[in-house]
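Colleague: Here you go, one structure.
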Amino acid sequence: VTQGGTATNIVPEYAEGRFGLRAVTTAALDELAEQLRTAAEGVALATGTAVTVERASVRYEHFRDSSVLSERFAGHLDRAGITLTAPTPGVYLGSSDIGNVSGRVPAIHPFVAIMGADGSDHTPEFAEAAASERARRVLTAVVEALACTAVDILRDADLRGRAWADLHLTAD
């Protein structure tokens, strides 16, 4: 809430809030935005006020993985002794700026571990792990695998065709 008055028992003349919404899919994000609009309209009705809901000019869509390119990347990473595993069920990247890109061109967003399974990103422990020898080894292998995947895309018309076909099959 960016403006909300100064007392809890008085409806202010003006109130404003900005909310960042995220969802697993773009359709779920649209549904969530509509629920927020409905809630705001309900509050306005209950308080005898008016509401204006504005959508941000930028919307982040859900990520669409190119299985064709992910498999190629995983093969290159495997040569470095790093085996990718399937994501944990129920864990999704959700809406993000890479989601907007991945809906228009084949894309990958690999996740690789630089700490144990009990670790979590956005923590001091993750920052420490990012400066570790393990992180250096993993990220060096990832950069090489990404570069090899990019070369494959540039050199292999069949791979490009399959990646584009897969994108069009998974578009919603």
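Colleague: In the range 129-155, which residues are assigned to a loop (DSSP other than H, G, I, E, B) and open to solvent by 50 Å² or more (accessible area, probe 1.4 Å)?
Modeller: Across the range 129-155, the qualifying residue is only Ala131.
Colleague: Would a scan of the range 43-58 turn up a residue that is free of Cβ contacts under 8 Å to residues at least 40 places away in the same chain and under 20 Å from Arg104 (Cα atoms)?
Modeller: Looking through the range 43-58, at least one residue is free of Cβ contacts under 8 Å to residues at least 40 places away in the same chain and under 20 Å from Arg104 (Cα atoms).
Colleague: Considering only the range 141-159, state which residues are in contact (Cβ under 8 Å) with a residue 24 or more places away in the chain and not acidic (Asp, Glu).
Modeller: Within the range 141-159, Ala141, Val142, Ala145, Leu146, Cys148, Thr149, Ile153, Leu159 meet the criteria.
Colleague: Would you check if Gly17 is of a type in the set (Gly, Ala, Ser), open to solvent by less than 60 Å² (accessible area, probe 1.4 Å) and either more than 16 Å from the chain's Cα centre (by Cα) or modelled with pLDDT under 90 (or both)?
Modeller: yes
Colleague: In the range 35-47, what residues are at pLDDT 90 or above and more than 32 Å from the chain's Cα centre (by Cα)?
Modeller: Matches in the range 35-47: Ala44, Leu45, Ala46.
The values are calculated or read from the model by the stated rules, or taken from the named source; none is laboratory data. Here the structure is a predicted model, which is why all the values come from computation and not from measurement. As a convention, Cβ positions derive from the backbone with ideal geometry for all residues, glycine included, and neighbour counts pool all protein chains shown. In case anyone asks, the SASA skips ligands and DNA or RNA and just uses the protein heavy atoms, side chains included. Shrake-Rupley method; radii C 1.70, N 1.55, O 1.52, S 1.80 Å.
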